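*Asks:* Have a look at this one.
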Amino acid sequence: MNIAEKILAFASGKDEVKPGEIIDAKVDMAMVNEITGPLAIQAFKEIGTPKVWDRNRVVMVLDHQVPADSVKSAELHKIMRAFAKEQEIPFFYDVGYGGVCHQVMVEKGHVCPGELVVGADSHTCTYGAVGAFATGIGSTEMAGVFATGTIWLKVPSTIKVNITGKFQRFVTPKDVILYVIGKVGADGANYRAVEFTGPSIGNVSVSGRMTLCNMTVEMGAKTGLISPDKVTLEYIKDVTDKQFKILASDENASYEREVEVNLEKLGPQVACPHSVDNVKPVKDVEGTQIDQAFIGSCTNGRLEDLELAAKFLYGKKIAKNVRLIISPASQDVYMQALKRGLFEVFLKAGALVCNPTCGACFGGHMGLLAPGEVCVSASNRNFIGRMGSPEAKVYLASPATVAASAVAGKIVDPSTLGEA
Amino acid sequence: MKVSGKAVVYGDDVNTDVIIPSKFLTLLDPTELSKHAMEGIDPKFVEKAKNGVVLVAAKNFGCGSSREQAPLALKYAGVKCVVADSFARIFYRNAINIGLPVLECPDASSQIEEGDLLSINLDEGLIVNETNKRVIKATKLPGFILEILQDGGLIAHIKKKGGKIRDL
Ligand code: SF4
């Protein structure tokens, strides 16, 4: 069996499962944010079960609109706070404590290898980075999980992405996943799991793995995952002392298909408006004028991403026609970036550093686009209207490409630039 | 379960951001939400749907976020069933959970045109296009999913089952 099948077999108490089979599984952890949580709470109350099945397995995060940007958001926050209090949920991350939910789930050790995790947010698939099977669900479904601790799932078939070769200069995991989405298509992995493997995966940090798994939903995947290895276990031991079971793909595991990525030949990639699978080498769109650049989100708002961006911004000024918005993915990332002096680099360059929030990524607040404007963003979706006006355009790229482009005032290929 | 209505047709990859734009996600009342259904792609949709329609789409309908507000907005706007060549999985599950019938039908977009009158038998997974008299085969829903739909959604279903989702 492959890792996805092994985790689902374990979660449903079976020796073996096969793609297509419907199972009833026990949930290890469940996460809601303030966009999906209030509806889940409403539905949970309707069911009438007084307490969630296990308060230590529920994580609640305020992240999409923090601090509250309107009275309506403030009301949603209030509903979340009240429920956390009433249910005595220990893992409630209020304004100032957590950050973007997916970053919080991993960095606070709420997800362990081998676990089945559900989150009421589509990018829940991010946690496959530490060898869990994690998938996004809706609010009503979450109410069902709150009440029963179980969920029905169809065992997905798996697409294997085999990564070989060495990363070229300023080419990142973001470029890898954009390239894969371009190849597989926006619905090419629908209902399926996507497993990243191959000789080069051992050189990718947990942060980079999160970027890979995070965007598998952009090709429709149920989850993205990576079998736990040395890198995973090193990371996990620092964030939690929970017990867990290591489940990894067998040598002879079966897959629906394989996709090859040869890093020796991969340059920086960009997803052009208005579809995540409209992927081209950055070179092909070099020179496109931009108005805004954004670095942040559950895809690319981690320390590694900010450090990479700082390499292009150190001692430089952002182009006059551009505003650069940087939002670290969590309070922890914020603190580390502060300690390492990254904010000084950003501020001197003319960037705006905001608090950890989803903000600009989903067009909520903190930097929406006007009609006709163009943004190059390190986030994950470039749908029409995603980051503001339906007449704005969004290009998705790595933090290196975004930072280099902010300095140039137009989209540029970071691999052709000299290091500061 | 049977539903019928006139078809309103859309193309590939209709995402949840256009079904219900993010700025409306703070609305908790489904009737309020429904006033903005499909606003990102078709400002006339609400008017078209108000007397009950079948929403037909090509591939990957509902891709993007996990917002349940998307199927909720459609349901309350008057959509009786969504038929698509294929669905994005979270939208598909959400629709079932809130009691909005969904039917996957690989030939939907090629066999149905705007305004066609459709009669749908969910138990059989069959769509009759009354306008051109063609019968289109869809993927039959598993029994327990039909049961959730019949009960009117997951919440009512769990209540009926005495706190369980499926009989084990
Ligand atoms: S950062 Fe963006 S993609 Fe990630 S959870 Fe927030 S809104 Fe969703």
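The values are calculated or read from the model by the stated rules, or taken from the named source; none is laboratory data. Owing to the predicted nature of the structure, the values given are computational and were not obtained by experimental measurement. Here Cβ is always computed from backbone atoms with ideal geometry, including for glycine, and neighbour counts include all displayed protein chains. Keep in mind that these areas ignore ligands, DNA and RNA; they rest on the heavy atoms of the full protein, side chains included. Shrake-Rupley method; radii C 1.70, N 1.55, O 1.52, S 1.80 Å.
*Asks:* Yes or no: B:S86 more than 12 Å from chain A (Cβ to nearest Cβ) and either within 16 Å of the ligand (Cβ to nearest atom) or small (G, A, S) (or both)?
*Replies:* Judged against the criteria, B:S86 is not a match.
*Asks:* For region A:351-367, indicate whether the set of residues that are farther than 15 Å from A:P399 by Cα, open to solvent by 10 Å² or more (accessible area, probe 1.4 Å), of a type in the set (G, A, S) and more than 14 Å from chain B (Cβ to nearest Cβ) is non-empty.
*Replies:* So far as region A:351-367 goes, no, none of its residues is farther than 15 Å from A:P399 by Cα, open to solvent by 10 Å² or more (accessible area, probe 1.4 Å), of a type in the set (G, A, S) and more than 14 Å from chain B (Cβ to nearest Cβ).
The rows are residues; the columns are (1) at pLDDT below 95; (2) open to solvent by less than 30 Å² (accessible area, probe 1.4 Å); (3) within 14 Å of chain A (Cβ to nearest Cβ); (4) on the phi < 0 side of the Ramachandran plot.
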residue: B:E113; (1), (2), (3), (4): no, no, no, yes
residue: B:D116; (1), (2), (3), (4): no, yes, no, yes
residue: B:S119; (1), (2), (3), (4): no, no, no, yes
residue: B:T139; (1), (2), (3), (4): yes, no, yes, yes
residue: B:G153; (1), (2), (3), (4): no, yes, yes, no
residue: B:I165; (1), (2), (3), (4): yes, yes, yes, yes
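*Asks:* So, one more: What helices (runs of 4 or more DSSP H) completely inside region A:287-346 contain at least 3 residues that are within 15 Å of the ligand (Cβ to nearest atom)?
*Replies:* A:297-300, A:331-339
*Asks:* If you go through region A:9-22 one residue at a time, how many are crowded, with 19+ Cβ neighbours inside 10 Å and not in a loop (DSSP other than H, G, I, E, B)?
*Replies:* Qualifying residue count, region A:9-22: 3.
*Asks:* Is it true that some residue in region A:122-137 is free of Cβ contacts under 8 Å to residues at least 24 places away in the same chain, touching a Gly at 6+ places or on another chain (Cβ under 8 Å) and open to solvent by less than 10 Å² (accessible area, probe 1.4 Å)?
*Replies:* Within region A:122-137 (the criterion being free of Cβ contacts under 8 Å to residues at least 24 places away in the same chain, touching a Gly at 6+ places or on another chain (Cβ under 8 Å) and open to solvent by less than 10 Å² (accessible area, probe 1.4 Å)), the answer is yes, since at least one residue qualifies.
*Asks:* Does A:D229 satisfy being over 17 Å from A:T135 (Cα atoms) and charged (D, E, K, R)?
*Replies:* Here the answer is yes, as A:D229 does meet what is asked.
*Asks:* Considering every residue within region A:221-237, establish whether at least one is aliphatic (A, V, I, L, M), within 22 Å of the chain's Cα centre (by Cα) and outside the structural domain of A:W152 (by TED's automatic domain parsing).
*Replies:* No, that holds for no residue.
*Asks:* Being in a strand (DSSP E or B), of a type in the set (F, W, Y) and more than 16 Å from the ligand (Cβ to nearest atom) is the filter here, so list the residues in region A:75-126 that pass it.
*Replies:* A:F91, A:F92
*Asks:* Need the failing condition index for A:V279 against (1) farther than 30 Å from A:V353 by Cβ; (2) within 19 Å of the chain's Cα centre (by Cα), just the number.
*Replies:* Unmet for A:V279, out of (1) farther than 30 Å from A:V353 by Cβ; (2) within 19 Å of the chain's Cα centre (by Cα): (1).
*Asks:* Which is within 29 Å of A:V106 (Cα to Cα) and in contact (Cβ under 8 Å) with a residue 24 or more places away in the chain, of A:L347, A:L308, A:L338, A:L368?
*Replies:* Of A:L347, A:L308, A:L338, A:L368, the one residue that is within 29 Å of A:V106 (Cα to Cα) and in contact (Cβ under 8 Å) with a residue 24 or more places away in the chain is A:L308.
*Asks:* Let me ask something else about it. May I ask you to verify whether A:G388 is open to solvent by less than 30 Å² (accessible area, probe 1.4 Å), outside the structural domain of A:A68 (by TED's automatic domain parsing) and out of contact with any strand residue (DSSP E or B) (no Cβ under 9 Å at 6 or more places or on another chain)?
*Replies:* no
*Asks:* Since A:D175 meets every condition but one in (1) charged (D, E, K, R); (2) buried (at least 23 other Cβ atoms within 10 Å of the Cβ); (3) in a strand (DSSP E or B), which condition does it not meet?
*Replies:* So the condition that A:D175 fails would be (3).
*Asks:* Here is a list of conditions, (1) more than 10 Å from every other protein chain (Cβ to nearest Cβ); (2) buried (at least 24 other Cβ atoms within 10 Å of the Cβ), and B:N94 meets all of them except one; can you say which number that is?
*Replies:* Checking B:N94 against (1) more than 10 Å from every other protein chain (Cβ to nearest Cβ); (2) buried (at least 24 other Cβ atoms within 10 Å of the Cβ), the one that fails is (1).
*Asks:* Here's another thing I want to ask about it. Consider A:L39 carefully, then state whether it is touching a Pro at 6+ places or on another chain (Cβ under 6 Å) and within 11 Å of another protein chain (Cβ to nearest Cβ).
*Replies:* Against the criterion (touching a Pro at 6+ places or on another chain (Cβ under 6 Å) and within 11 Å of another protein chain (Cβ to nearest Cβ)), A:L39 does not qualify.
*Asks:* Sticking with this structure for a sec: Specify the residue that is nearest to the ligand (Cβ to nearest atom); the eligible residues are those in region A:371-410 that are without any contact (Cβ under 8 Å) to a residue 60 or more places away in the chain and assigned to a loop (DSSP other than H, G, I, E, B).
*Replies:* A:R386
*Asks:* In this structure, is A:V180 open to solvent by less than 10 Å² (accessible area, probe 1.4 Å), modelled with pLDDT of 95 or more, of a type in the set (V, I, T) and assigned to a strand (DSSP E or B)?
*Replies:* Considered against the rule, which asks whether it is open to solvent by less than 10 Å² (accessible area, probe 1.4 Å), modelled with pLDDT of 95 or more, of a type in the set (V, I, T) and assigned to a strand (DSSP E or B), A:V180 comes out as no.
*Asks:* Failed condition for A:V66, given (1) assigned to a helix (DSSP H, G or I); (2) within 13 Å of the ligand (Cβ to nearest atom); (3) among the β-branched types (V, I, T), with all others met?
*Replies:* (1)
*Asks:* Let me ask something else. Checking A:P50 against (1) open to solvent by 70 Å² or more (accessible area, probe 1.4 Å); (2) touching a helix residue (DSSP H, G or I) at 6+ places or on another chain (Cβ under 8 Å), which single condition isn't satisfied?
*Replies:* Exception for A:P50: condition (2).
*Asks:* Another one. So, in region A:205-238, how many residues would count as being buried (at least 20 other Cβ atoms within 10 Å of the Cβ) and free of Cβ contacts under 8 Å to residues at least 40 places away in the same chain?
*Replies:* 1
*Asks:* I'm checking my understanding of the structure. Among residues of region B:58-80 that are crowded, with 24+ Cβ neighbours inside 10 Å and part of a strand (DSSP E or B), which one is nearest to the chain's Cα centre (by Cα)?
*Replies:* Among them, the one singled out is B:V79.
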